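What follows is a short report on a single structure.
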Amino acid sequence: MAKCVHCRENNAILKRPKNGDILCKGCFFEILEKEVHETIVSNSLFSRGDYVAVAASGGKDSTVLAYLMKLLNERHDYGLKLVLLSVDEGITGYRDDSLETVKKNRDDYQLPLKIVSYEELYGWTMDAIVQKIGLKSNCTFCGVFRRQALDRGAMLLGVNKIVTGHNADDIAETVLMNILRGDVARLSRCCAITTGSEGDDTISRSKPFKYTYEKEIVMYAYFKKLHYFSTECVYSPNAYRGYARAFLKDLESVR
């Protein structure tokens, strides 16, 4: 069996999608954690004393993000106060199940959790909206409501920063979608690692996984045995993003 190219001692058990390096489990953990730390530091995402909400959906990205934010905050003494912030869109058979995963993450990582819901904020659940408008543009409605719900939840908590689990694949999909739409305004800002500023009414959001591949996040969660929810939203198969994702995966397969 081939040896890990990093330590040259242990047997390699995986091949990094990012650069093709074959690594042992321990070196993979070390390298990915170091890369996320370097992204945080080099982009000055936080300052000591920041109160940071981790947007938590129960999926792989937010689960690994919550785990790493706690780990790196303690390891490198960022001096952050962390809290999990979840949005309940009111999607039966999807969000109610994923919130159980978030609650398990709360217990596993010993982080406080705040849940805000569409019903309490807007008087509507996503299920009720779909019943009213049908299976069309659901993700457009949900995306707008969800972004506002995160901001309102963050304001209720009094946090000054939000971190989300958007990864390199997500950003590539967004770039492609904005090109296909001809949306120059969004194209110019969709790659920003931080959005919102002191001059805006919105709370600053950042993406520590901007340079992290989705496959590597999945591998990290798998080898760390992290508990996450992997069922797709019942309303997302018709989403425009799905076509961009499929196209990029087809390109990647022939790379």
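The values are calculated or read from the model by the stated rules, or taken from the named source; none is laboratory data. Worth saying up front: this structure is predicted, and the values here are computed from it rather than measured. Methodologically, a virtual Cβ is constructed for each residue, glycine included, from the backbone with ideal geometry; neighbour enumeration extends over all protein chains shown. When the accessible area is computed, the model is the full protein with side chains, heavy atoms only, and any ligands, DNA or RNA have been set aside. Shrake-Rupley method; radii C 1.70, N 1.55, O 1.52, S 1.80 Å.
Taking only C-alpha pairs under 8 Å that are 6+ residues apart, what is the relative contact order of region 97-173 in percent?
26
I'd like the FRET efficiency for residue 8 and residue 236, computed as 1/(1 + (r/R0)^6) with the beta carbon distance as r and R0 of 41 Å, rounded to 0.05.
0.40
Relative contact order for the chain: what is it in percent, counting Cα pairs under 8 Å that are at least 6 residues apart?
Reported relative contact order: 22 percent.
Per residue, how much accessible area does region 158-255 show when a 1.4 Å probe rolls over the protein heavy atoms, in square angstrom?
Here the per-residue accessible area is 58 Å².
With every protein chain left in place, what is the accessible area per residue of region 27-137 in square angstrom, probe 1.4 Å?
Spelled out: the 1.4 Å probe surface of region 27-137, per residue, equals 44 Å².
Which of the pairs 34/210; 34/207; 70/104; 104/225; 161/249; 18/207 have their Cα atoms more than 24 Å apart in this structure?
161/249
Given [x] 38, 26, 14; [y] 64, 25, 20; [z] 30, 23, 19 as candidate values of semi-axes √(5λ) of the Cα gyration tensor in Å, which corresponds to the one derived from the coordinates?
Of the listed options [x] 38, 26, 14; [y] 64, 25, 20; [z] 30, 23, 19, [z] comes from this structure.
So if R0 is 45 Å, what FRET efficiency would residue 156 and residue 252 give, r being the distance between their Cβ atoms, rounded to the nearest 0.05?
Approximately 0.65, to the nearest 0.05.
Could you tell me the distance between the Cα centroids of region 42-86 and region 169-229, to the nearest Å?
About 15 Å separates the Cα centre of region 42-86 from the one of region 169-229.
Note down the nm distance, to one decimal, between modelled labels 7 Å out along Cα→Cβ at residue 144 and at residue 1.
Distance between label points: 5.3 nm.
For the chain, what proportion of DSSP beta bridges, expressed in % and rounded to the nearest 5, is antiparallel?
Here the antiparallel bridges make up roughly 25 percent for the chain.
Just to verify a number: FRET efficiency for residue 19 and residue 76, C-beta to C-beta distance, R0 = 22 Å, to 0.05?
With R0 = 22 Å, the Cβ-Cβ based efficiency is 0.35.
Ignoring any ligand, DNA or RNA, what whole percent of the accessible area of the chain comes from carbon and sulfur when the probe is 1.4 angstrom?
Heavy-atom surface of the chain belonging to carbon and sulfur, 1.4 Å probe: 52 percent.
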